[in-house]
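Each remark here refers to the structure printed beneath this line.
None of the figures in this text is laboratory data; all of them are computed from the coordinates on show. Please read these numbers as outputs of a predicted model, since none were measured by experiment. So basically every Cβ, Gly included, is an ideal-geometry build from the backbone, and we count neighbours across all protein chains shown.
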Amino acid sequence: MMIKSTMCYIRSFKNLIMSSTSSLGTPCRATALVAIAALVSLCIMFFWTSPLTKRPPPLPATKQYLERHRTKTTSSPAKEKPVLLLWVWPENYRFDLSDCKTIYNIDGCHLTDDRALYSSSDAVLVYHRAISQDLSTLPPSPRPSFQKWIWLNVESPTNTQKIAGIENLFNLTLSYREDADIPVRLRLTGNKTPNEDFKIPKKDKLVCWIVSNNAAHTGVGKRNAYYNELKKHVNIHLFGKAYGTFLDYKDYYPTIASCKFYLSFENSIHKDYITEKFNGPLSAGTVPVVLGPPRKNYERFAPGDAFIHVDDFPDAKSLAEYLTQLDRDEDAYRRYFNWRRHFSARPHLIVQNQEFVLAICTACDHVARHKEYQEAHDIYEWFFN
């Protein structure tokens, strides 16, 4: 549009010169035409080199836009990950925050213990045993409306102390219970094809038991009574701090594997309270002898022919006789490993500072997969009843 106007202006200027030189001779007209050509060239150069009234953004602005766009592209994946704030380290057992990715391939959240990120955290994980009676160790109240507070407790009701005032503070529960919002458990995995290669480890002991806790207030009365009766009828190899024989971490699985049977006795009896004491022998290639919730509860987590339940026998003497019989009948003993064709058991972490890695990583996976909001509910009504 600007060029068209310029040409019109030049033609008008040319007509004006021609009309004013029409009375001149040929040499004069030639001189005038040369002058016109020079003026036209100057005009064209002026208009092409002059700034336009409307022009695209200068290069610096374009560069800034690209830089802003590049920043959004590179930083957005981190922002998309929900932030899970570990309010306290349970029992002060610290581990590398990258263990979730390294051990369990869980990398869906940004896990941190930096309390400065509290106001921007999507979820806050609070360990029950770290809550003081005056509630001063809790995160700031009231809880932000968008934020999830996760109640972490993997102890049984027998070993859980009620703290007044926290009943309706949490909107997520993290527990061994299957009906928790976030159930935490190392489960058997199904084999894609039947495994025919499993070999039972070499055994040189009949019955073993590793015991680290024997405090009466933790509810161990029933298991101790059963053990005291059972040892009258069968030899039991004892290990663990409770009986003065400390077992090094590196010897934990080899020791269990060297036993035909392992006493997977829980310290207290509650629904779903089936701990690593059950997973240890399953993963090591040993038959667990369980004392805990009813058999049907165990069968939610493992095939019924993978373990022996004390409730299957009228008394400890009958159980001891059955274990002795299996020791003499190799074919009958091997049948307790038929489940290995279809399932695999993964060893659990046993180093002390890794005790809560699975629970914390499970919480990370949950907040990454579940964006929905959930109202707080009475955790005591659920957990104790």
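Taking R0 as 51 Å, what FRET efficiency do you get between Tyr93 and Asp329 from their Cβ-Cβ distance, rounded to the nearest 0.05?
Between Tyr93 and Asp329 the formula returns 0.70.
Suppose the chain between Ala216 and Lys192 were pulled fully straight at 0.36 nm per residue; how much longer would it get relative to their current alpha carbon spacing?
Working: separation 24, 0.36 × 24 = 8.64 nm, distance 4.46 nm.
Contour length minus Cα-Cα distance gives 4.2 nm.
Please report the net charge: other residues with Cβ closer than 12 Å to the Cβ of Cys361, K and R +1, D and E -1.
Values: positive: Lys101; negative: Asp96, Asp99, Asp107, Asp365.
Result for the neighbourhood of Cys361: -3.
How high is the FRET efficiency from Glu321 to Ile163, r the C-beta distance, R0 51 Å, rounded to 0.05? The partial results should precede the final answer.
Working: r = 47 Å, r/R0 = 0.92.
Efficiency computed from Cβ-Cβ geometry: 0.65.
Taking Lys250 as the anchor, which aspartates and glutamates have their alpha carbon closer than 17 Å to its alpha carbon, excluding any fewer than eight residues away along the same chain?
List returned: Glu276, Glu355.
Please turn the phi angles of the range 172-178 into ³J(HN,Hα) values with the Karplus equation 6.51 cos²θ - 1.76 cosθ + 1.60 (θ = phi - 60°), one per residue in order, whole Hz, x for glycine and proline.
Listing the rounded values in order: 9, 10, 10, 7, 5, 5, 5 Hz.
Could you calculate the contour length gain from Tyr243 to Asn353, that is, 0.36 nm times the residue separation minus the distance between their Cα atoms, to one decimal place in nm? Mind showing how you got there, number by number?
Working: separation 110, 0.36 × 110 = 39.60 nm, distance 2.23 nm.
Once the chain is fully extended between Tyr243 and Asn353, it gains 37.4 nm.
Using 7 Å Cα-to-Cβ label points, what is the Ile269/Ala130 separation (nm, one decimal)?
It is 3.5 nm.
Counting only residues 5 or more places away or on other chains, whose amide H sits under 5 Å from the amide H of Trp149 once H atoms are built in the peptide plane?
The list, which skips near neighbours in sequence, is Val124, Asn171, Leu172.
If the convex hull of the alpha-carbon atoms of the range 119-250 is projected onto planes in all directions, what is the mean projected area in square nanometres?
With the hull built on Cα positions only, its mean projection is 13.9 nm².
Provide the net charge surrounding Tyr93, with neighbours chosen by a C-beta distance below 13 Å and charges set as Lys +1, Arg +1, Asp -1, Glu -1.
Working: positive: Arg94, Arg129; negative: Glu91, Asp96, Asp99, Asp113, Glu355.
After counting each charged neighbour, the total is -3.
Just add up the charged neighbours of Pro139: K/R +1, D/E -1, any other residue whose Cβ is under 14 Å from the Cβ of Pro139. Provide the component values of the computation, followed by the final result.
On the way: positive: Arg115, Arg143, Lys148; negative: Asp113, Asp114, Asp122.
Residues near Pro139 contribute 0 overall.
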